[in-house]
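The values are calculated or read from the model by the stated rules, or taken from the named source; none is laboratory data. All figures in this text were calculated on a predicted structure; none of them were measured in a lab. Cβ: placed from backbone, ideal geometry, glycine included. Neighbour counts: every protein chain shown. Surface areas here come from the heavy atoms of the whole protein model, side chains and all, with no ligands, DNA or RNA. Shrake-Rupley method; radii C 1.70, N 1.55, O 1.52, S 1.80 Å.
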Amino acid sequence: MARTQGSHSDITGPRVRAAALRLFAQHGYAAVSMRQIAREVGVQVGALYNYTPDKQALLFSLLKGHMDDLLEEWQAEQRPDAPRARLEAFVRFHIRFNLARPEAIFISYMELRNLTPENFAVIEALRKRYEGALEEILRDGQAEGAFSVPDTRLASYALIAMLTGVNTWYRAGGRLSIAEVADIYWDMVRKAVSADDATGAPQPA
């Protein structure tokens with residue numbers, strides 16, 4: 001039997017999520033309707049509700065999926081024992097992960113305000129886990145005398161904001177490659193937290 005227009009049998013979660021992600025990033029969550037998402041996917045609007053109960057649930061799914069991927073990939077990353085080397089791994093991972101997902105990063109920061117309090121609390125807890133991973137590195141470095149930062153929690157917030165800021169200006173095919181950007185940012189981060197740099201002592205190669 002031929003499929004009728006708007007049949008949901010060929011709709012997949014990834015297609016709906018990809019369409020919502022594009023539209024939320026381009027126009028903002030508040031300006032996008034379920035009808036627009038359905039049009040982007042190529043189905044009637046009623047078919048979307050076989051996948052998601054409403055637009056809020058779709059936004060939450062996108063933000064939670066992004067944070068789950070971030071935490072899972074960081075856990076799988078090879079991490080040295082030495083705090084300085086672990087911090088370098090974090091810097092390079094964060095830049096590489098974020099630059100591969102510009103739309104997800106954009107809505108993860110710009111659309112938090114549009115989550116319900118319950119959904120916001122879930123995403124906030126996941127963000128704190130990731131921030132906590134960086135703060136643990138800074139505390140370990142502080143304990144062994146490799147880092148000098150007045151407040152490890154504040155420093156972790158500042159470093160993540162600095163690293164995530166790459167997404168506001170980086171464009172593929174530009175003057176610098178992702179690897180070159182990571183080299184420069186690691187040099188800046190190292191100098192910002194290093195106890196040796198703070199005292200003017202020479203750095204190891």
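Condition check: hydrophobic (A, V, I, L, M, F, W, C) and closer than 18 Å to Trp74 by Cα. Does Ile184 satisfy that? Break it down stepwise before answering.
On the way: hydrophobic (A, V, I, L, M, F, W, C): yes; closer than 18 Å to Trp74 by Cα: no.
No: the conditions fail for Ile184.
Among the residues of the stretch 147-167, is there at least one that is exposed (fewer than 15 other Cβ atoms within 10 Å of the Cβ), among the aromatic types (Phe, Trp, Tyr) and closer than 17 Å to Met67 by Cα?
Within the stretch 147-167 (the criterion being exposed (fewer than 15 other Cβ atoms within 10 Å of the Cβ), among the aromatic types (Phe, Trp, Tyr) and closer than 17 Å to Met67 by Cα), the answer is yes, since at least one residue qualifies.
Suppose we filter the stretch 59-80 for residues that are without any contact (Cβ under 8 Å) to a residue 60 or more places away in the chain and among the basic types (Lys, Arg); how many remain?
Of the residues in the stretch 59-80, 1 are without any contact (Cβ under 8 Å) to a residue 60 or more places away in the chain and among the basic types (Lys, Arg).
So that you can scan it fast, the table gives a plain yes or no per residue for (1) more than 18 Å from the chain's Cα centre (by Cα); (2) of a type in the set (A, V, I, L, M, F, W, C); (3) under 30 Å from Ala192 (Cβ atoms):
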residue	(1), (2), (3)
Thr12	yes, no, no
Arg15	yes, no, no
Ala18	no, yes, no
Leu21	no, yes, no
Ala30	yes, yes, no
Arg35	yes, no, no
Asp54	yes, no, no
Leu71	no, yes, yes
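Count, please, the residues in the stretch 87-129 that happen to be among the charged types (D, E, K, R), over 12 Å from the mean Cα position of the chain (by Cα) and closer than 17 Å to Tyr157 by Cα. Working first, answer last.
Just the residues of the stretch 87-129 that are among the charged types (D, E, K, R), to begin with: 88, 92, 96, 101, 103, 111, 113, 118, 124, 127-129.
Adding the requirement that they be over 12 Å from the mean Cα position of the chain (by Cα) leaves 88, 92, 111, 113, 118, 124, 128-129.
Checking which are closer than 17 Å to Tyr157 by Cα leaves us with 88, 92, 124, 128-129.
Qualifying residue count, the stretch 87-129: 5.
Output the residue which, of all residues in the stretch 176-205 that are more than 15 Å from Val166 (Cβ to Cβ), aliphatic (A, V, I, L, M) and open to solvent by 70 Å² or more (accessible area, probe 1.4 Å), is modelled with the lowest pLDDT. Can you show your working first?
First, the residues of the stretch 176-205 that are more than 15 Å from Val166 (Cβ to Cβ): 190-205.
Narrowing further to those that are aliphatic (A, V, I, L, M): 192-193, 195, 198, 201, 205.
Okay, now just the ones that are also open to solvent by 70 Å² or more (accessible area, probe 1.4 Å), so 198, 205.
Details: Ala198: 45, Ala205: 36.
Ranking the candidates gives Ala205 first.
Looking at the stretch 99-118 only, could you name the residues that are over 17 Å from Ser61 (Cβ atoms) and in a loop (DSSP other than H, G, I, E, B)?
Residue satisfying the conditions is Ala100 alone.
Would you pick out the residues in the stretch 74-109 that are over 14 Å from Leu138 (Cβ atoms), of a type in the set (A, V, I, L, M) and surrounded by 19 or more Cβ atoms within 10 Å (Cβ to Cβ)?
Of everything in the stretch 74-109, those that are over 14 Å from Leu138 (Cβ atoms), of a type in the set (A, V, I, L, M) and surrounded by 19 or more Cβ atoms within 10 Å (Cβ to Cβ) turn out to be Ile95, Ala104, Ile105, Ile107.
Among the residues of the stretch 149-175, which ones are outside any helix (DSSP H, G or I) and either modelled with pLDDT under 95 or within 19 Å of the chain's Cα centre (by Cα) (or both)? Walk me through how you get there before you give the answer.
First pass over the stretch 149-175, keeping only residues outside any helix (DSSP H, G or I): 149-151, 169-175.
Answer for the stretch 149-175, where residues must be outside any helix (DSSP H, G or I) and either modelled with pLDDT under 95 or within 19 Å of the chain's Cα centre (by Cα) (or both): Val149, Pro150, Trp169, Tyr170, Arg171, Ala172, Gly173, Gly174, Arg175.
Within the set of pairs 6 or more residues apart or between chains, which connect a residue that is over 22 Å from Arg101 (Cα atoms) and free of Cβ contacts under 8 Å to residues at least 40 places away in the same chain inside the stretch 21-48 to a residue that is surrounded by 13 or more Cβ atoms within 10 Å (Cβ to Cβ) and basic (Lys, Arg) with Cβ atoms less than 6 Å apart?
Between residues of the stretch 21-48 that are over 22 Å from Arg101 (Cα atoms) and free of Cβ contacts under 8 Å to residues at least 40 places away in the same chain and residues that are surrounded by 13 or more Cβ atoms within 10 Å (Cβ to Cβ) and basic (Lys, Arg), the close pairs are Met34/Lys55.
Run Ala121 past the list (1) exposed (fewer than 14 other Cβ atoms within 10 Å of the Cβ); (2) modelled with pLDDT of 95 or more; (3) farther than 24 Å from Gln75 by Cα and report the number of the one that doesn't hold.
The number of the failed condition is (3).
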